[in-house]
1. Can residue B:177 be described as facing chain A (nearest Cβ under 10 Å), in contact with a helix residue (DSSP H, G or I) (Cβ under 8 Å, 6 or more places away or on another chain) and either within 30 Å of residue A:61 (Cβ to Cβ) or surrounded by fewer than 23 Cβ atoms within 10 Å (Cβ to Cβ) (or both)?
2. Could you pull out the residue among D:282, D:256, D:270, D:265 that is assigned by TED's automatic domain parsing to the domain that holds residue D:189, without any contact (Cβ under 8 Å) to a residue 12 or more places away in the chain and either under 13 Å from residue D:207 (Cβ atoms) or within 21 Å of the chain's Cα centre (by Cα) (or both)?
3. If I filter region C:320-333 for residues that are assigned by TED's automatic domain parsing to the domain that holds residue C:93, out of contact with any helix residue (DSSP H, G or I) (no Cβ under 7 Å at 6 or more places or on another chain), buried (at least 22 other Cβ atoms within 10 Å of the Cβ) and modelled with pLDDT of 95 or more, do I get at least one hit?
4. For residues in region D:194-216 being touching a residue at least 12 places away in the same chain (Cβ under 8 Å) and out of contact with any helix residue (DSSP H, G or I) (no Cβ under 8 Å at 6 or more places or on another chain), which is surrounded by the fewest Cβ atoms within 10 Å (Cβ to Cβ)?
5. Need the failing condition index for residue C:93 against (1) surrounded by fewer than 21 Cβ atoms within 10 Å (Cβ to Cβ); (2) on the phi > 0 side of the Ramachandran plot; (3) within 14 Å of chain D (Cβ to nearest Cβ), just the number.
6. Considering region C:195-211 alone, what residues qualify as being part of a loop (DSSP other than H, G, I, E, B), more than 9 Å from chain D (Cβ to nearest Cβ) and closer than 26 Å to residue B:243 by Cα?
7. Every residue in region C:288-307 that is part of a loop (DSSP other than H, G, I, E, B) and within 11 Å of chain B (Cβ to nearest Cβ), please.
């Protein structure tokens, strides 16, 4: 934190800022500049609230300097985190594809789609048993019956399964059936859920909140890691902007930024970013070209009969093309050394 | 929903859209236009996903027409919902002020601030016992000890108390001590929590999510009401935009829009919108001038020593001025008849 | 500017940053911190590009510290700028209302509306002769004929007139007829136009760009002032966000922020922010309650026949109510001393 | 446009809406629905303002149905527009790369960079002679001297040159020297400039405005085409969002959407989207993977001494790698048939 004083700030006002800093247990270091004084805040444990100084007389601005995360930071751990789930590997050097329907609707639906995506080359199967829906009147998922179907898919195909957990009450159950537990965009700052995830023995796939900064997202991962679970996979899925030709705006610059700040793997979900089928293929290729560690894609063999998000689900043959193209792009790109 | 076809759409393509609509149990009504056909979707139960049609051949666009909410809608209930909490009344015709510190830090702090805000004219006291913090290393609240302090404040002052609930596990406890249970911005779409709130015997103060549309916000209220609890107070607290001179951008047009769409009371929290003290007074006056039913304001007698959000807390004498001014503005404005 | 180095930055990397700073003619001041070095950039003329340092090896971040504006800044001139236009005064201590139709459509329309708004208490009349329209096929304004009608209104009513200029070619003409020359939101960073405005003998009303930060807006005013014209009135008119229940999101925190940063007067245009009539009255009251120096409001006696933006135009009787209410609010608020 | 009535709307209110529609010269078609009436607006010339109906009694909403553009629309012209500039071809089936410095700083700088980018495979050279800068105190470009240097580069290398025009006054001059005339993001709705561009004999590269919807952007192209110049190249360059880890947020879903709506070529500028060098390579690859028709990239041989935007300029060897990688990706992707 750097506290910038007004040009006209008096010595007394500077002294007051120093006192507030020291009252927080930090060290204050005044820095005389060309025409004004700034005061550095050093040795702070955890984040200092920029706004704490802004109301004080003589203060012009307070500017955060260092990032508040620890365990997620590449400064704490330089080696990339690689996560093994069954035979799938997620992280630097791998291109991992998770695919499946938005929601598990029944055994036949799940198995049909699983066979398609496995054949096309997906390494994990996804499907929702508990669905966060904007409307209480929309289909909310099959619950435990859906989880059992997922376990059946794993048994039959050997594919590890990824599914979303929505609350503390059902966490044990989801954790029991799933190979990777997903925390959805609406729960990215559900801190009680994050703490529980931090005590899980499963890897956690943490989606970015719809309006979360990278810092907030990494701090959500920090909540999980601070409880002892270091198996966190980040997943960009688009952010909310003024743009309305796609459901959300996919923020691909998040990929290089996260890779620079953190050692955690980062995947991309183009389906929820797009919200409509005809954007999913170009955005998938773009995500891999931006060096994401993988994709999570919605596929359905009968999308016009899907109980949820059918409009953004690919047909199996579209998904095959996607797999072929992104694998070729992955070979072209390699893994950048950051410039 | 209106499905708009391409100018060049064939009769077969139109027929396919009709089939998809009827397959969802709805009625399809084709409407020939000047140079293209559109197809209305009628008799739908709950929302129809616009995107469902967008991938189909010959479809140009799909446009949602009616709003998906029921219980929250003014079309369902024309009379304004008025909520009574102790001696405080919230809703049309009243200006209700909730004030107190961001977090309960101790008995003395709470009582000192409560006396100040009561004297200035607040009708309810607020204070957090469970605090949602971006960083796991920040102060997380006193928990049940904080709730007991809140109960003590009520006993001593007669002021009903408002406090935030963060999860299902502590809901019973919070509900036991609080007079109004708050659901915070990060949990606006924590649907499990909303369902539990719908079974509560307490009024729920539901803050708008940081990037929520009015429709999503009202649907969150619908989750609560659908479980039987019709005592919902909405609270606008700023949305996330590209603007960074305030923590969030207060969206005051939400006040007239919510009043038009819904019968529920709507309050405004200028403190979290601003994030800095020197914007709280002007934004408070603005909110009342826009005809909000009340304010929720953070006040602290020693903001530079607050454990959380001190920078946006008003000094007691600033809060007194605020109360005086907003009451005078309330008299000027009356309650608009919507034009 | 403060350049923050990685914890692991080498002395050579620090030295390189110092060289880049000095190569720009600035002074570099390294500041050893708890666990990393930061380097202050002092004595810079004009803004230094933060990103200049971000690509360099060993650099973690580069944080702008001071604001780049000079003439618009309250640090340069502490006294508030007050602008006199005929009998109207704009600035601290005054509440000034500009009203009229979106576009001048004819002599009768203009005179009818002018008489209404004058009677209700508007001090200036507005109306567009050159209209920036999204579509080339929409009504583009009457041009010079419209300006002549404006001049006629001034002659008949004594009201000074405000109208928009769209380009260099017509600037002389607009300047000749208008008392205040408006630069619209789409031209806020039309730098050639700003320079021409800086050579004008008329006060300039500068609307905020649809996605402009306060800093960019004040820098646009700086362009005008740098050419010698210090008569600039700022006008907030809503910014573009994900919100779609109003045309734009009115950013009222801009009012206290601009007042703190600059000595220039700041008005608010609620009509373009709202885009629909039923939000204009509450937003107008809110703007005055936030201590704006005035309002610019669209009024039309037959809005459903207006050639442009009829839907956001108030009926004359609505405007009368607006004037009564905002004047009463102005009395309540006074002019804040910034806390 | 579809006007949706309240459930409780009276026949008189419906009649009034019909009258307003017919008063605009359009046809009104009432459509009885399940529980409410909607009224279609047919045969409108140009856009109808949704908000026109929203203020009327009994009206719940007004929903735009069809897009207002004509000449830019794929419904008007199904064949893709292909633009030839010297030996470079821009449009479907081609991958075109424009590269060069942000600003022309001198003859040696321009020629050095031009040789680098030509060798790496750029087909056009870019460089600014007139620079739109946020601050009036920043370097504003060399003006005509810069244009002459550009002409010299073309003579020496054979590369066609692209440069920005900022105003009407200098349009003739820019048009004289340039092969492609660029209109920048801040001028996307400078309608006077667009009209002049529509009379130009040069192809126009039209950048998307910082907060422009696709519809507004295509309407800006419509302004140009309506004057007779059909040689328009669109260029996505990132939009303004709450995200601050990149200068803007690159909106790659714009590529498939524009291709669906329009026959015009669409390129991507990753340099201005990123604002920092280390994001340019991944975003460039992503843009080509999303099937953009080309890239516009900033390159500088001494970026830390650049007079403008050095921090986002690639080093020549980075640009070489970029060219190699995007060409390989282009081969992988082919040109999608829209699903």
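The values are calculated or read from the model by the stated rules, or taken from the named source; none is laboratory data. Just so it is clear, the model here is predicted, and its values are computed rather than measured. Cβ placement follows ideal geometry from the backbone for every residue including glycine, while neighbour counts extend to all protein chains displayed.
1. no
2. Numbers: D:256 fails: without any contact (Cβ under 8 Å) to a residue 12 or more places away in the chain; D:270 fails: without any contact (Cβ under 8 Å) to a residue 12 or more places away in the chain; D:265 fails: without any contact (Cβ under 8 Å) to a residue 12 or more places away in the chain.
Being assigned by TED's automatic domain parsing to the domain that holds residue D:189, without any contact (Cβ under 8 Å) to a residue 12 or more places away in the chain and either under 13 Å from residue D:207 (Cβ atoms) or within 21 Å of the chain's Cα centre (by Cα) (or both) holds for just one of D:282, D:256, D:270, D:265, which is D:282.
3. no
4. Among residues in region D:194-216 that are touching a residue at least 12 places away in the same chain (Cβ under 8 Å) and out of contact with any helix residue (DSSP H, G or I) (no Cβ under 8 Å at 6 or more places or on another chain), the one surrounded by the fewest Cβ atoms within 10 Å (Cβ to Cβ) is D:199.
5. (3)
6. C:208, the sole residue that qualifies.
7. C:290, C:291, C:292
Residues checked against (1) assigned to a loop (DSSP other than H, G, I, E, B); (2) more than 9 Å from chain D (Cβ to nearest Cβ); (3) surrounded by 24 or more Cβ atoms within 10 Å (Cβ to Cβ):
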{"position": "C:192", "(1), (2), (3)": "no, no, no"}
{"position": "C:219", "(1), (2), (3)": "no, no, yes"}
{"position": "C:230", "(1), (2), (3)": "yes, yes, no"}
{"position": "C:234", "(1), (2), (3)": "no, yes, yes"}
{"position": "C:251", "(1), (2), (3)": "yes, yes, yes"}
{"position": "C:271", "(1), (2), (3)": "no, yes, yes"}
{"position": "C:279", "(1), (2), (3)": "no, yes, yes"}
{"position": "C:286", "(1), (2), (3)": "no, yes, yes"}
